[in-house]
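Data first, discussion second: the structure below is written as structure tokens.
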Amino acid sequence: MKTALLIPVYEQKKYWLRMLSAIEKLSVRPDCVYVLMDRPKRSDFNYIQDKCSSLDLKNTYKVYNLKDVPEFVGRPNNLPEQELFLTGYRRNQGLEFAIADGCDSFVFIDGDCIPQVDLIKAHNDANYRGVPNLSVGRRREEKHNWKDQREVDPNVKSFGLFSRTPRHVINSQYLLTSSSIVWTCNSSLNIQAVNRIKRFNSIYYNRSEVFCSEFLGTWGGEDGFLGIQASLCNIAITMLNEKKGGIVHIDHPRPVNKYAPEAFGIYLKEHIQLLDLMIKNKPLDLDFFTD
């Protein structure tokens, strides 16, 4: 069994030394760390590649200079002050790199996230149980007193998402459709889940991918949609309450016109409804669920 830690990095060079230091202290080390640099400046790429090449490092790092733009971008961004959002595409590319290297557990964090010491341990405990799994851990923030927003938000805290059992499986459609569960800043998939979602997207979108390209171009909605697809594929969606299995999010400006739920909520709802119609017209058969 081999574990990949996949990190898309977009204009986040300034955080890398803090992230690298934390990755080196993980209690369970990934077999490889894939640093997926999205359209980087040459100086940024050289800097991170140099830091990841030190002979003193415990982990193996592969740093990618990814400049390509996919042919299909489902939600092109028409705001001149914002670049195309391609993080889902970079994660798809990283998955293929890791699969080619023989990995079967895939842990995702973002380029502004400091992993806690048991990040890999917590996800692997869920991923290696013989069932297709998508797991989600805490995103700790200073503004929430170093708790996850979902532990303090009055709309969801009563669900006890990180406290009910060590591995609480989510079935609530309200939580999934409101994007309250799958946040890819701290999440993972095992190979069974990856293969099943890729088959699902091949059937309904003619694209063998995990992160749906309908959400490329503009920030938001792709991780919530992944949760919906995982639920439809009978993949366990698992909340992890490991105390040291979270990430600490580095605070930075988050413009409302880009990051507010309203910026992607209608688009997400429309695509959930469209997918529901596609499934009614072409239901999955039993063979789909036979891995």
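If R₀ is 41 angstrom, what is the calculated FRET efficiency for the pair K67 and S178, using the beta carbon separation as r and rounding to 0.05? List each step's numbers first, then the result.
Working: r = 35 Å, r/R0 = 0.85.
In this case the efficiency is close to 0.70.
Could you rank the peptides 24-32, 227-235 by their average count of other C-beta atoms within 10 Å per residue, with the highest value first? Please report the intermediate quantities before stating the final value.
Numbers: 24-32: 16.7, 227-235: 20.4.
Answer by packing, highest mean first, reads 227-235, 24-32.
With no solvent and one point on each alpha carbon, what is the Debye value of log10 I(q)/I(0) for the chain at q = 0.08, 0.13 Å⁻¹?
Debye output, listed in q order: -0.31, -0.89.
What nm value, rounded to one decimal, do you get for the distance between F97 and K282 when each label is placed 7 Å out toward the C-beta?
Placing both labels 7 Å along Cα→Cβ, they lie 3.2 nm apart.
Can you return the lysines within cross-link range of K14? Criterion is Cα-Cα under 19 Å, with same-chain partners fewer than 8 residues away left out.
Result set, ordered by chain and number: K41, K51, K62.
Using a cut-off of under 19 Å, list every residue of the stretch 94-129 whose amide N is near the label point 7 Å from the Cα of T165 along the Cα-to-beta-carbon line.
122-129
No lab work stands behind these numbers, since they all come straight from the coordinates. Source: prediction; values computed, not measured. So basically every Cβ, Gly included, is an ideal-geometry build from the backbone, and we count neighbours across all protein chains shown.
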